[in-house]
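Some notes on the structure that comes next.
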Amino acid sequence: MAIRIRTLIIASLVAAAAGGTFVYLGIYNIAATEQHTAPVYWLLDYAMRRSVKNFSADIEPPALSEEARVRNGFRIYSEKCQQCHGAPGVAPDALAFGLRPAPANLAATAREWSVTEIYWVVRNGVKMSGMPGWEYRLTDDEIWDVVAFVRRLPAFSPKGYAEWASAAPPRSEARLAPAPDEAVPSAGNAEAGKRAIGQYLCATCHSIPGVVGASKHVGPPLEGMANRKYIAGVLPNTQENMVRWLRDPQRIDPRSAMPALGVTEKDARNMAAYLSTLD
Ligand code: HEC
Ligand code: HEC
């Protein structure tokens, strides 16, 4: 028994060392111009499918056949999805050709996936794949509109799609605007703020405690933000001012390298609440 356990421990140490060496030496080619090996591709694809099934299991879909929904979904699709996924008779934009995994043709997906699975992927995106999560950029209703449209994709001919494209009225700004700021509580929620920080590229410029991967120094580190007297050296550090800064830094300091990132009032309040916990 003791010998068997010892053999097992040694075998797993050898495996771990071999794996570590493989990673350290950079042997796996991460170039997007090279194919994944078949086992790696299978594993990534299978894990994605299982994960989507698991997390979408309890979602109740609304009614999706209403024509207005499908029409609005078409508008959102042609603006936010077609550049990567293409459409009947329409090739994706240049950027999509270099993505690996390559963005799926969604007519095929619409045949194989349930509407709740499609909804979940559109809302949440897929890590390490190039598929963005849209939760912070589209309202829940708009996401269902897109799903309603994707479900119809297999029925479209290139001619039919082109007809819709030429008939589509200019997109309705009102509906595509960021989530309406109705009923925003004045005190933000720090946990929700931390999650939102992960969705507005903050981590590409700042180091932020509690946010994995946020270790860049384009802007100042946000450690100890709660104790700072001023925001960016110009605004007294209050919650209200932080919300103003996060929503439109350029208005407060036109020379600042921090851009306005389209942060909604609600997300800004939540982020301000999180930043005020960093002491
Ligand atoms: C920047 C490129 C890009 C954009 C924009 C984009 N996607 Fe994706 N999408 C991807 C990639 C890459 C994948 C993952 C590869 C894969 O499995 O298809 C993916 C996967 C998916 C999947 C899972 C499909 C499958 O069969 O695996 C769905 C559904 C989807 N996207 C829908 C959408 C919708 C709807 C939009 C617009 C709101 C959208 N995507 C915008 C790149 C993009
Ligand atoms: C493109 C890079 C960039 C992005 C993206 C960015 N910032 Fe900034 N940020 C900066 C820079 C640069 C400054 C310094 C501003 C100045 O002094 O003019 C700054 C300043 C700040 C400050 C004030 C810091 C201090 O020491 O007073 C806070 C707070 C802040 N950013 C939070 C955020 C949050 C939250 C996000 C995401 C919503 C974000 N930033 C996205 C570059 C960025």
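Laboratory data are not the source of any read-out in this text; all were calculated from the coordinates shown. Just so you know, these numbers come straight off a predicted model, no measurement behind them. Cβ placement follows ideal geometry from the backbone for every residue including glycine, while neighbour counts extend to all protein chains displayed.
Label-to-label distance for residue 93 and residue 59 is 2.4 nm, based on points extended 7 Å past Cα in the beta-carbon direction. By the count of neighbouring beta-carbon atoms within 10 Å, fewest first, 81, 205 end up ordered 205, 81. Comparing mean-square fluctuations of 39, 61, 236 from a GNM of the chain with C-alpha springs under 10 Å, the top value falls on 39. For the chain, the 222 nm mean residue ellipticity estimated from helices alone, with every DSSP H stretch of n ≥ 4 adding -39500 (n - 2.57) and the total spread over all residues, rounds to -14500 deg cm²/dmol. So if R0 is 35 Å, what FRET efficiency would residue 22 and residue 2 give, r being the distance between their Cβ atoms, rounded to the nearest 0.05? Given R0 = 35 Å and the Cβ-Cβ separation, E is 0.70.
Using +1 on the beta carbon of Lys and Arg, -1 on that of Asp and Glu, and nothing else charged, what's the dipole of region 45-198 about the Cα centre, debye to 20?
Working: 19 positive and 19 negative charges, 112 e Å.
Charge dipole, region 45-198, about its Cα centre: 540 debye, nearest 20.
Normalised by the number of residues in the chain, the mean separation of alpha-carbon contacts (under 8 Å, six or more apart) gives a relative contact order of 15 percent.
With all pairs of different alpha carbon atoms counted, what Kirkwood hydrodynamic radius in Å does region 1-119 show?
Result for region 1-119, one decimal place: 18.6 Å.
Taking Lys and Arg as +1 and Asp and Glu as -1, the other residues whose beta-carbon sits under 12 Å from that of residue 233 total +2.
Over region 111-262, with a single point scatterer placed on each C-alpha, what log10 of the ratio I(q)/I(0) does the Debye formula yield at q = 0.16 1/Å? Result of the Debye calculation: -1.06. Select from 233, 9, 94 the residue farthest towards the positive end of the dipole of the chain; place +1 on Cβ of Lys and Arg, -1 on Cβ of Asp and Glu, and compute about the Cα centre. So the residue furthest toward the plus end is 9. Model label points for residue 127 and residue 240, set 7 angstrom from Cα along the Cα-to-Cβ axis, are 4.0 nm apart. 3J(HN,Hα) along region 64-78, derived from phi through the Karplus expression 6.51 cos²θ - 1.76 cosθ + 1.60 where θ = phi - 60°, amounts to 10, 8, 3, 4, 4, 5, 5, 4, 5, x, 4, 4, 5, 4, 5 Hz, with x in place of Gly and Pro. Scanning residues 5 or more positions from residue 207 or on other chains, those with amide H under 5 Å from its amide H are 216, 222, with H placed 1.01 Å from N in the peptide plane. Each of 256, 168, 220 was scored by the projection of its Cα onto the charge dipole of the chain, and the greatest displacement toward the positive side belongs to 220; charges sit on the C-beta of Lys, Arg, Asp and Glu. Near residue 189, the amide H atoms lying under 5 Å from its own belong to 270; only residues 5 or more places off or on other chains count, and H is placed 1.01 Å from N.
Give me D for region 38-176 in µm² s⁻¹, whole number, from Stokes-Einstein with Rh from the Kirkwood sum over alpha-carbon pairs, 4 °C and 1.567 mPa s.
Values: Rh = 15.6 Å.
After rounding, the answer is 83 µm²/s.
Rounded, prolate or oblate: pick one for region 230-279, where a ≥ b ≥ c are the square roots of the eigenvalues of its C-alpha gyration tensor, a/c under 1.5 means rounded, and failing that, prolate if a/b is larger than b/c, else oblate. It comes out oblate by the Cα gyration axes.
Computed over the chain with a Gaussian network model linking Cα atoms closer than 10 Å, the most mobile of 23, 146, 40 is 23. Less than 5 angstrom separates the built amide H of residue 131 from those of 126, all sequence-distant by 5 or more or on a different chain. Bridging of residue 216 to lysines at a Cα separation below 22 Å is possible for 127, 194, once same-chain residues fewer than 8 apart are set aside.
Could you tell me the relative contact order of region 38-176? Use alpha-carbon pairs under 8 Å, at least six residues apart, and round to a whole percent. Could you put the intermediate results ahead of the total?
Details: 142 pairs, mean separation 44.3, N = 139.
Relative contact order comes out at 32 percent.
Of the residues 14, 212, 263, the one that moves most in a GNM of the chain with alpha-carbon contacts below 10 Å is 14. For the chain, the Cα-based Rg and Dmax, in that order, read 23.1, 76 Å. A Cβ-based charge dipole, computed about the Cα centre of the chain with Lys and Arg at +1 and Asp and Glu at -1, lands at about 660 debye. Cβ under 14 Å from residue 110's Cβ, residue 110 left aside: what net charge do those residues give with Lys, Arg +1 and Asp, Glu -1? Taking every Cβ under 14 Å from that of residue 110, the sum is +1. Listed by chain and number, the aspartates and glutamates whose C-alpha is less than 13 Å from the C-alpha of residue 53, apart from same-chain residues fewer than 8 away, are 45, 112, 117.
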